[in-house]
Structures are given as structure tokens and as C-alpha cells.
1. Restricting the first residue to segment 180-196 and requiring it to be free of Cβ contacts under 8 Å to residues at least 40 places away in the same chain and among the small types (Gly, Ala, Ser), which pairs with a second residue that is in a loop (DSSP other than H, G, I, E, B) and surrounded by 14 or more Cβ atoms within 10 Å (Cβ to Cβ) meet a Cβ separation below 7 Å and a spacing of at least six or different chains?
2. Could you tell me whether Leu361 is in contact with a Phe, Trp or Tyr (Cβ under 7 Å, 6 or more places away or on another chain), over 30 Å from Lys99 (Cβ atoms) and not acidic (Asp, Glu)?
3. Inspect segment 36-55 for any residue being in a strand (DSSP E or B), surrounded by 14 or more Cβ atoms within 10 Å (Cβ to Cβ), among the small types (Gly, Ala, Ser) and not assigned by TED's automatic domain parsing to the domain that holds Gly264 and give the result as yes or no.
4. Mind listing whichever residues of segment 275-297 are outside any helix (DSSP H, G or I) and β-branched (Val, Ile, Thr)?
5. Which one of Gly136, Gly194 is on the phi > 0 side of the Ramachandran plot and surrounded by fewer than 15 Cβ atoms within 10 Å (Cβ to Cβ)?
6. In segment 303-313, which residues are of a type outside the set (S, T, N, Q) and assigned to a helix (DSSP H, G or I)?
7. What is the residue count in segment 306-350 for residues that are in contact with a strand residue (DSSP E or B) (Cβ under 9 Å, 6 or more places away or on another chain) and of a type in the set (Phe, Trp, Tyr)?
8. Quickly run through segment 170-209 and pick out the residues that are farther than 26 Å from Gly120 by Cβ, assigned to a helix (DSSP H, G or I) and not acidic (Asp, Glu).
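The values are calculated or read from the model by the stated rules, or taken from the named source; none is laboratory data. Treat the numbers as computed from the prediction; the structure is a model and nothing was measured. Ideal geometry is used to build each Cβ from the backbone, glycine not excepted, and the neighbour counts take in all protein chains shown.
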Amino acid sequence: MDSRYERLAAWDKSYVWHPFTQMKDYNRTDPLIIERGEGIMLYDVQGRAYYDGFSSVWLNVHGHNVPELNRAIEEQLGKVAHSTLLGMANVPAVELAEKLVRIAPAGLTKVFYSDSGATGVEIAIKMAFQYWRNTGVPGRTKFITMNQAYHGDTIGAVSVGSIPLYHETFRPMLFSSYTVPYPHAYRHEGGAAGAMEETLSQLESLLRTSGDEIAALIVEPIVQGASGMIVMPPGCLRRMAGLCREYGVLLIADEVATGFGRTGAMFACQLEDVSPDLMVVGKGLTGGYLPVAATLASDLVYNAFYADYEEQKTFFHGHSFTGNPLGCAVAIASLRLMEERGIVEAVDGKAALTAGRLAQLADRPHVGDIRQQGLMAGIELVRDKAAKTPYEWSERIGVRVCMRARELGMLTRPLGNVVVFIPPLVSSDAELAAMLDILAEAIIDVTEEGWGA
Ligand SMILES: *Cc1c(COP(=O)(O)O)cnc(C)c1O
């Protein structure tokens, strides 16, 4: 080990508190310290190369150190790094808003910027809440979320979150939300159709009994990410949207993970021709380069705030870095590259290649379920395949597989017993094949040969 690495590793352990990380475990390992990236590879300070098999936690679109994206930031940097959006505008924020409205599901016409998925969700929730106050229906104050939902880590986002491990601790400080099941076929006795019917019937009966106290339903459309890459049966989202319309409830689509081509369409809602009232985007918006998020709103929502100043219907919300010019400039460049290079159109082909490779794992004794939509995949590992018995969480099976994958040269992060594969959208066929070889080897090494036990 070289001395530079040793110094950085010591400082990392001494001074950095890592997110979603038990530091006692972390401090027992040799930390991975990334120095640079090129294409879909990341390189650590010791020069070791890794495939970015999880798009740096679901963000990256075009790979790293992309000349066109770098140039967009450099050119903007030569003009101004930041200027506020409070009561005034800046060039990239305006141009990006126009582009976003053009590619968004029909009916979303306004863009409210923020700086992370969680803040984008907070904004959507507050907008939905105030929408009903502004329109003289103050009784609609509650939200419906879905079982195992993840919408970010700020308090409002956690209040519409439903992953016990992350959210239970904070329950006493949260507002309460209604929950309906996300349609999850794997362990449902009725399979995909049964899971979907259960979701729709529970949603409908909740709307029937409590609809007039509901402000909005918030959903991760088509794929519920953090819960383990659960893929909705086809048609479910469309029928959920129909129920929201029928009962006059706003629909918030959290496309933070699914947006920008990840599922095979620009936005997952577009796979089922759904136009939400509010849509949150983040992660891939800047190609995974800088922290910019946005909450898109329909005319219906926007017009409820559009009033004479004295009526006090203004949306009093904003962040210091709202509409940051550097971030907006790189987002524009990312969208331009996506268009020029046909990135979204190519996802289906790459997804098919991925599906073919993953299918070769289906017969392995501890591969329980393989779920995939576009370039978003999760492999659920089970102790007993026939009984679908989960591994005990203390076995850390997902962590061990991901550590083995890292040794073999690919980075990813598990969701419990689910191993995630979310490669950058630009990954070539050869790169996908190489990453999927590593993934397969890591799964077999750990689940069949006891690696890392
Ligand atoms: C990642 C994610 C968020 C939170 O985004 P941050 O930028 O991490 O705050 C919200 N919703 C979904 C669906 C996500 O995947």
C-alpha cells in the first residue's frame, strides 16, 4: 500500500461520516477511494479499475469525464457559477425548463428547481397540500403512499416513505400517510395479476372511504427502486392514475430513479401514457454530474397558486442553489447528448441483452427472482428457492456478493438480499456482457461457494 492511500484512508476513517453506512463496519475495511472516472470505469487512488455497475447509485447516464459535459460546465463557469432564481432568472435554468417541458409527459408545463430528489419530493408534497388550501378545500391534507416506498431522506419525504429499516426510527416525528401495497408478484399467491388486483382494490376502497381527505397519491412509477427493484405488472400504473382522476386526488410521480431513459422510455409514466399532476426528477437529470432536481407541475396545480399578491397563494419555498446555472448547463448538455446519440432508443436493445444474460442465472439454486425493466435490474437471492425463504439479514448476503463483485472489478450496492444492476445507459454490449459476467461469478462464488462467509 502506498503512503498516499494510507493517509487518505486514515483521514477518511477519522473525519468522514458516510451515508447509509454503519461506520463501525466501514472502519474495519480498507476504504475504496475513487480518484477519477473515464467512460463507465471508475479508478481508485491505487489505480485499480472498476466498472460502475450501479451508475454511482443510479445517477450516471453517459459515463464519467465526458468531454461534452465537461465543456458545458467549463463554458458556464466562464460566465457565472451561481445566481439566484428567487424573483429573477438565469440563462441555463430558463433553457433547461423549456427542454424539460418538451420531453415530459403531456400536461406538465412548469418547472420548479431544487437540488436533490428528496427536496424535489418535499416540494411536490407541499405543492399538493397547498393546492387544496388555495382552491378552498382545506380538508384534503393526507397522502397515500405505497408499501416499501422510498422518496428520499428529509422529513416530508420520509413521511411518505415506507421502508421500516430506514423510516421506523423517525415515525414519532412524521406526519401519517395511508399505505397501499405496491404490486409485487414474487411472493403473492395470485402472482402478478393477483398482486395488481389487490393494489387496485385496496386503492379504490381507500379512495371510496377516505378520498375527500386525500391530497395526493405518490408513487414510484413502473419500478419501485429502493425496496428491491419491484416491477409493476403492465397496466397497473394506468389504472391507478385513472382511480386518482375518478376520486379527484392529485397524482405525484416520483421519477427520480426511473427518469431519463432508465426504464426504456424518457420517463416511466410514458410507458403507460400516464400524465401525473406533479412529477419529480433528479438523479439522471444532469447525467449524474451535479445536484439538480426538479418538480414539474401541471397547469391545474400552477394556476391554483397564480393569484393577486394579497391573496397569499404564493408558494413560499426555495433553496439557496435553486436553478444553479452550472447544474442546469450540464443538464442541457446531457439531454442534448441523449437526443443526438439516441440513448433512450437504445435502452430496449441493451435491456434485452441484459435479460438474456440474467436468464442464465435463473436456475442457480439461490437466485429467487430476477426483476428488470429497461436498464434497472434486481436479483433477489434466497436461502431456499422452492419455499422462497429469504436469507437472514445478518448473513449480509447482498453485501457479500457486492464485495465479491468489487474484488472482481465491478461496483454495485445491494438492497438487502437484492443485488442491483443499474449500469450507465451508454454501456456498450461488450461492457454489459463483462459486467454481467462479474455479477454472475460474484453470485455463484458467494451463494454456492460460501465466499466471504
Ligand atoms: C434516490 C431517490 C430519491 C432521493 O433522491 P436524493 O437525490 O438522494 O435525495 C427519491 N425518490 C426515489 C425514487 C429515489 O430513487
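1. Every condition considered, the pairs that remain are Gly191/Ala185; Gly194/His188; Ala195/Pro183; Ala195/His184; Ala195/Ala185; Ala195/His188; Ala195/Pro233.
2. So Leu361 fails the test.
3. Going residue by residue through segment 36-55, those that are in a strand (DSSP E or B) are 36-39, 41-44, 49-52.
Remaining after also requiring surrounded by 14 or more Cβ atoms within 10 Å (Cβ to Cβ): 37, 39, 41-44, 50-52.
This time we only want the ones that are among the small types (Gly, Ala, Ser), so: 37, 39.
This time we only want the ones that are not assigned by TED's automatic domain parsing to the domain that holds Gly264, so: 37, 39.
So far as segment 36-55 goes, yes, one or more of its residues are in a strand (DSSP E or B), surrounded by 14 or more Cβ atoms within 10 Å (Cβ to Cβ), among the small types (Gly, Ala, Ser) and not assigned by TED's automatic domain parsing to the domain that holds Gly264.
4. Val280, Val281, Val292, Thr295
5. Step by step, each of Gly136, Gly194 is checked, and only Gly136 is on the phi > 0 side of the Ramachandran plot and surrounded by fewer than 15 Cβ atoms within 10 Å (Cβ to Cβ).
6. Step one: filter segment 303-313 for residues of a type outside the set (S, T, N, Q), giving 304-311, 313.
Within segment 303-313, Ala304, Phe305, Tyr309, Glu310, Glu311 qualify.
7. 2
8. Our first condition is that a residue be farther than 26 Å from Gly120 by Cβ; within segment 170-209, this holds for 185-198, 200-202, 204-205, 208-209.
Next, from what is left, pick out any that are assigned to a helix (DSSP H, G or I): 191-198, 200-202, 204-205, 208-209.
Gly191, Ala192, Ala193, Gly194, Ala195, Met196, Leu200, Ser201, Gln202, Ser205, Arg208, Thr209 - these are the residues of segment 170-209 that are farther than 26 Å from Gly120 by Cβ, assigned to a helix (DSSP H, G or I) and not acidic (Asp, Glu).
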